[in-house]
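Here the structure is laid out as structure tokens; the discussion comes afterwards.
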Amino acid sequence: MNLLRIRRPWRLAAEASALVTAVIVAFPLYWMVLSAVKPAGEIQSTEARPWTLSPSLDSFRRVFEQQEFGRYFLNSLAVAGTVVIVSALIAFLAATAVTRFRFRFRTTLLIMFLVAQMVPVEALTIPLFFLMRDAGLLNTLGSLVLPHLAFSLPFAVWMLRGFVKAVPEALEEAAYIDGASRTRFLWQILFPLVFPGLVATSVFSFISTWNDFLFAKSFIISDTSQSTLPMALLVFFKPDENDWGGIMAASTVMTIPVLVFFVLVQRRLVSGLGGAVKD
């Protein structure tokens, strides 16, 4: 009984802390959606109120009336989808190679992955611009896919390395004894076991690529048909007065695919972040 009495206050304190943290994290999202449905007069009012008695969808109407909004959405979906799929496949193969095989400079290669994560993206934007220019990739979606692949892969390889290492080598030997080839073991046995880790890295790749504004602004210069969804926000920034309702509505629309993607993979994501591997 005494032990239960001691644990209960600590448990209540932990739950209260978690609730406060959740409210703090969710409040900006709530304020964004609230500002998107507020009338223009309330948004520009000096008295900020966390509610509205006259919600309006005019801001969303202005967003969807933008002529290129649908194209921007498809471009973002194409870039994010390509980065997620390609980075997951390459990271899986690379993590398997650095974990299961012994070769020279393996440790050096892993350290280089860490160093790549430490370099700020802003510091590499100008060199990447000249690289894309010399490769003839400016004003193309390829100029967005390649940099995001480069920045997503080090994190993905490091994370998947732990999942591959957690799979017993005895399982691989048993598969070979039963007549399975290396390719069959790789895709039919190892791949399903590390799939939770792939989901976790895919969430990171999708969010960073979907919300990217720096590369889209730097590499898509003149061909607006190749712009992505974050660039649509610039339409609502005006020299005389910003359309904050349109900005918040467009931001809300941008957030929906991220939430949908997260809901679809949340179960796998939890096990992936926990490092769970089923035997």
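The values are calculated or read from the model by the stated rules, or taken from the named source; none is laboratory data. Remember, it's a predicted structure, so these values are computed and weren't measured experimentally. The protein model used for the area step is the full one, side chains on, heavy atoms only, and it has no ligands, DNA or RNA in it. Shrake-Rupley method; radii C 1.70, N 1.55, O 1.52, S 1.80 Å.
For Glu172, Glu122, Glu15, what's the largest-to-smallest order of accessible area, 1.4 Å probe?
I get Glu122, Glu15, Glu172, largest accessible area first.
With viscosity set to 1.567 mPa s at 4 °C, what whole-number translational diffusion coefficient in µm²/s follows for the chain from Stokes-Einstein and a Kirkwood radius over Cα pairs?
59
Any chance you could tell me what percent of the C-alpha pair distances in region 145-250 go past 25 Å?
47
State the dimensionless ratio Rg/Rh of region 63-222 (Rg: radius of gyration of Cα atoms; Rh: Kirkwood radius).
That ratio is 1.06, to two decimals.
Relative to the longest principal axis of the chain, what angle (0 to 90°, nearest 10) does the C-alpha long axis of helix 244-273 take?
Approximately 20 degrees, to the nearest 10.
Relative to the longest principal Cα axis of the chain, at what angle does helix 106-118 sit, 0 to 90 degrees, rounded to 10?
It is inclined by approximately 10 degrees.
Given all pairs of different Cα atoms, what value in angstroms does the Kirkwood hydrodynamic radius of region 1-92 take?
Kirkwood radius, region 1-92: 18.1 Å.
Taking the chain as the reference, fit the longest principal axis to its C-alpha atoms, fit the long axis of helix 142-166 to the helix C-alpha atoms, and give the angle between the two in degrees, 0 to 90, nearest 10.
Result, in degrees: 40.
Using only the Cα atoms of region 13-148, what do you get for the radius of gyration and for Dmax, in Å?
22.9, 67
Can you give the log10 of the normalised intensity I(q)/I(0) at q = 0.25 Å⁻¹, computed with Debye over equal Cα scatterers of region 92-167?
Debye curve over Cα of region 92-167, log10 I(q)/I(0) at q = 0.25 Å⁻¹: -1.10.
Express the relative contact order of the chain as a whole percentage, based on alpha carbon pairs under 8 Å and six or more residues apart in sequence.
Contact order relative to length: 30 percent.
Calculate log10 I(q)/I(0) of region 47-127 for q = 0.17, 0.20, 0.22 Å⁻¹, where I(q) comes from the Debye formula with a single equal point scatterer on each Cα and nothing for solvent.
The computed values of log10 I(q)/I(0) come out as -0.94, -1.07, -1.13.
Can you list the aspartates and glutamates whose alpha carbon is less than 19 Å from that of Lys38, not counting same-chain residues fewer than 8 positions off?
Counting by Cα, and skipping residues close in sequence, Lys38 has these aspartates and glutamates nearby: Glu47, Asp58, Glu65, Glu241, Asp243.
Which whole-Hz ³J(HN,Hα) couplings does region 127-136 yield from phi under the Karplus relation 6.51 cos²θ - 1.76 cosθ + 1.60, θ = phi - 60°, glycine and proline marked x?
x, 5, 4, 5, 5, 5, 5, 5, 7, x
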